[in-house]
1. Collect the residues in segment 6-23 that are surrounded by 11 or more Cβ atoms within 10 Å (Cβ to Cβ), under 21 Å from the mean Cα position of the chain (by Cα) and among the charged types (D, E, K, R), keeping them in residue-number order.
2. Are any residues in segment 81-101 out of contact with any strand residue (DSSP E or B) (no Cβ under 8 Å at 6 or more places or on another chain) and assigned to a helix (DSSP H, G or I), and if so, which ones?
3. Name the helices (runs of 4 or more DSSP H) wholly within segment 141-216 that hold at least 3 residues that are buried (at least 19 other Cβ atoms within 10 Å of the Cβ) and touching a helix residue (DSSP H, G or I) at 6+ places or on another chain (Cβ under 6 Å)?
4. Being of a type in the set (A, V, I, L, M) and either surrounded by fewer than 19 Cβ atoms within 10 Å (Cβ to Cβ) or assigned by TED's automatic domain parsing to the domain that holds Gln171 (or both) is the filter here, so list the residues in segment 24-58 that pass it.
5. Could you grab me the full set of residues in segment 77-108 that are under 22 Å from the mean Cα position of the chain (by Cα) and more than 17 Å from Phe21 (Cβ to Cβ)?
6. Please identify the pairs in which a residue from segment 187-201 that is at positive phi has its Cβ atom under 7 Å from the Cβ atom of a residue that is surrounded by fewer than 20 Cβ atoms within 10 Å (Cβ to Cβ) and modelled with pLDDT of 90 or more, counting only partners at least 6 apart or on another chain.
Amino acid sequence: MSTPDQKQLDSFFRKYPIRHFDKGQIIIATNETPPGIFYVVSGQVRQYDITDLGVDIVLDVLLDSSVFPLEWAVRDVNTQYFYQAISPVEVRLAPLNELQNFLKQSPRLVYSMLNRSVAAMTIMQRRMAHLMSGVTYNRVMFELIAQAKRLGIKQTDGSYLLNMHEDELAQRAGLTRETVNREVGKLKRLGLVEVNHRRISIKNLDKLESLLGDHL
């Protein structure tokens, strides 16, 4: 989202008080009517679902300046997903009707938010394509690439540091930890990934993307 649009959104939400959520706290539960529309000031919120087998599937990670749940804001239907703080989170909460009225008067901002949503949807569609392929190696590589581009901290040597462990990666890829550990092990042997201190380091993102392309 561009700087002018970001300032406009910040300005709207700034009139509402800050609310705090602790790490692990559920902000919205599935099929629950939200108390309003949330705006992330700081921290990270995961949007996820739970399969019939009880496995958590992470759909998105919402960062600073994210607005949720957008499906409720646009379609006025209860969310089908859980939203949970995965770090200490600060949010602002606006009444639904006030945000809707604001957006109706801000077409440029709506376009920017739509662009951001489409980018997130594209990642979800690509994730689903790899999921349907059934190739776990590809699913792990795709998730590493997606998380590096979205959340990775670029280092001076060109590598990307992910502040997550393999359990979190497994949730985002929809795989077991054992499967992820095995597939990450293959990437370790290629010198593309390192795992230490509950962090994942992607040593060469370009080569990882090239490897994924070769396996499609």
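1. Asp10, Arg19, Lys23 - these are the residues of segment 6-23 that are surrounded by 11 or more Cβ atoms within 10 Å (Cβ to Cβ), under 21 Å from the mean Cα position of the chain (by Cα) and among the charged types (D, E, K, R).
2. Matches in segment 81-101: Asn97, Glu98, Gln100, Asn101.
3. Details: elements: 166-173, 177-189, 205-214.
In segment 141-216, the matching helices (runs of 4 or more DSSP H) lie at 166-173.
4. Within segment 24-58, the subset of a type in the set (A, V, I, L, M) is 26-29, 37, 40-41, 45, 50, 53, 55, 57-58.
Correct list: Ile26, Ala29, Val41, Ile50, Leu53, Val55, Ile57.
5. Keep residues of segment 77-108 that are under 22 Å from the mean Cα position of the chain (by Cα), which gives 77-94.
Listed by number, the residues that qualify are Val77, Asn78, Gln80.
6. Sorted first by the residue in segment 187-201, then by its partner, the pairs are Gly191/Lys203.
Residues checked against (1) among the β-branched types (Val, Ile, Thr); (2) farther than 21 Å from Met113 by Cα:
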residue: Arg19; (1), (2): no, yes
residue: Ile27; (1), (2): yes, yes
residue: Asn31; (1), (2): no, yes
residue: Val45; (1), (2): yes, no
residue: Asp60; (1), (2): no, no
residue: Pro69; (1), (2): no, no
residue: Ala73; (1), (2): no, no
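The values are calculated or read from the model by the stated rules, or taken from the named source; none is laboratory data. Keep in mind the model is a prediction, meaning the values are calculated, not measured. Reconstructed Cβ throughout: ideal geometry from the backbone, glycine too, with neighbour counts over all protein chains shown.
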